[in-house]
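The structure under discussion appears below in the form of structure tokens.
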Amino acid sequence: MNVKDSILECVPNFSEGTDSEIVRKIVRAMRSDNVSLLDYSLDADHNRSVVTIAGPPEAVLESTLRGVGMAVECIDLTSQKGVHPRIGAADVIPLVPIRGISLPECAALAHQLGQEIWKRHHVPVYFYEAAALRPDRRLLEDVRNGQFEGLRKKVQQDAARRPDVGGPSLHPTAGASAVGARQLLIACNVYLSTGNVGVARSIAREIRASNGGLAGLKAMGVLVRGRAQVSMNITDFHSTPIHTVYATIKAAACRFGAQIEEVELIGLVPEAAIEPGSEWLQLATHFSPDRTLESRLETPLAWP
């Protein structure tokens, strides 16, 4: 790996989406002259925020560690509920290869980052996806099973659920972090014309890969401001492009007498995934050409 020319992306997810000042504190703590801020957003409905940074690997790791430290200081999981599944204040920290770095190298960096999170902040770490040390921890949903409230009990009762680094107990207020390495993914929410969350849950069960649905698709059904939502991660948009996901949900919703009202893209999207003129893109709210990964790498955001 030529460190000088390498670009590593990190997309930490923090368990706070209602207090904008806390999120700004976390982002400000991550500021570095050698790291580009590509995106950050708050999702009050899921009580979650997502930050996207990129730069040389060691600089990105240091920026991330600072963000984790501020999250530990500011977020108390015992005083809030996660609508979105979560086990930690700095909940999920994926490392993504962008240029001049391989996925196995990202996995090695994830292991380094996990050790430092425990050393500096006393937050135990689970490794997932390409960084997983055990086959039963490759899937993030398996790592987060039971969420913070259930996992802090399980680690006391079941040695198989204990963290890969640190512990065995979780941090009393900041829980644990899941640190991984993966390829680019697309986070996408689809809103349906119904308030029946059972419809969204049925559709999610039908389409997700783990139930024999679409390849590389993770999905769950939730209720957001009175509307049923199918919340998804498309982990391989080359095999399963957005238009395929959209058409599958549209057909399933029709069987329940519902329609797709809105498509919401979370974070940045690779240019290769955008399909000009597609029906889903016409329904995509708050999307513009500068929300692509390539555009932000060329013109990053100003740090707050």
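Some notes on this structure:
- Pairs where the first residue, in the stretch 252-276, is at negative phi and the second is among the acidic types (Asp, Glu), C-beta under 7 Å, 6+ apart: Ala252/Glu206; Leu268/Asp39; Glu271/Glu294
- Answer from Gly216, Gly221, Gly226 - the residue that is outside the structural domain of Asp45 (by TED's automatic domain parsing) and out of contact with any Ser or Thr (no Cβ under 8 Å at 6 or more places or on another chain): Gly226
- For Val222: the one exception among (1) surrounded by 21 or more Cβ atoms within 10 Å (Cβ to Cβ); (2) among the aliphatic types (A, V, I, L, M); (3) more than 13 Å from Trp280 (Cβ to Cβ): (1)
- Where Asn233 falls short, out of the listed (1) closer than 30 Å to Leu297 by Cβ; (2) in contact with a helix residue (DSSP H, G or I) (Cβ under 8 Å, 6 or more places away or on another chain): (2)
- Verdict on Ala174 being surrounded by 21 or more Cβ atoms within 10 Å (Cβ to Cβ), at pLDDT 95 or above and closer than 28 Å to Ser239 by Cα: no
- Hits in the stretch 1-27 - residues which are loosely packed, with under 14 Cβ neighbours inside 10 Å and either at pLDDT 95 or above or closer than 24 Å to Leu140 by Cα (or both): Ser20, Glu21
- Residue in the stretch 237-248 that is assigned to a loop (DSSP other than H, G, I, E, B) and touching a Lys or Arg at 6+ places or on another chain (Cβ under 6 Å) present: no
- Of the residues Arg138, Arg144, Arg120, the single one that is buried (at least 23 other Cβ atoms within 10 Å of the Cβ), basic (Lys, Arg) and free of Cβ contacts under 8 Å to residues at least 60 places away in the same chain is Arg144.
- Residue match in the stretch 282-295 (condition: among the hydrophobic types (A, V, I, L, M, F, W, C), under 28 Å from Val27 (Cα atoms) and not in a strand (DSSP E or B)): yes
The values are calculated or read from the model by the stated rules, or taken from the named source; none is laboratory data. Source: prediction; values computed, not measured. Note: ideal-geometry Cβ built from the backbone for every residue, glycine included; neighbour counts use all protein chains shown.
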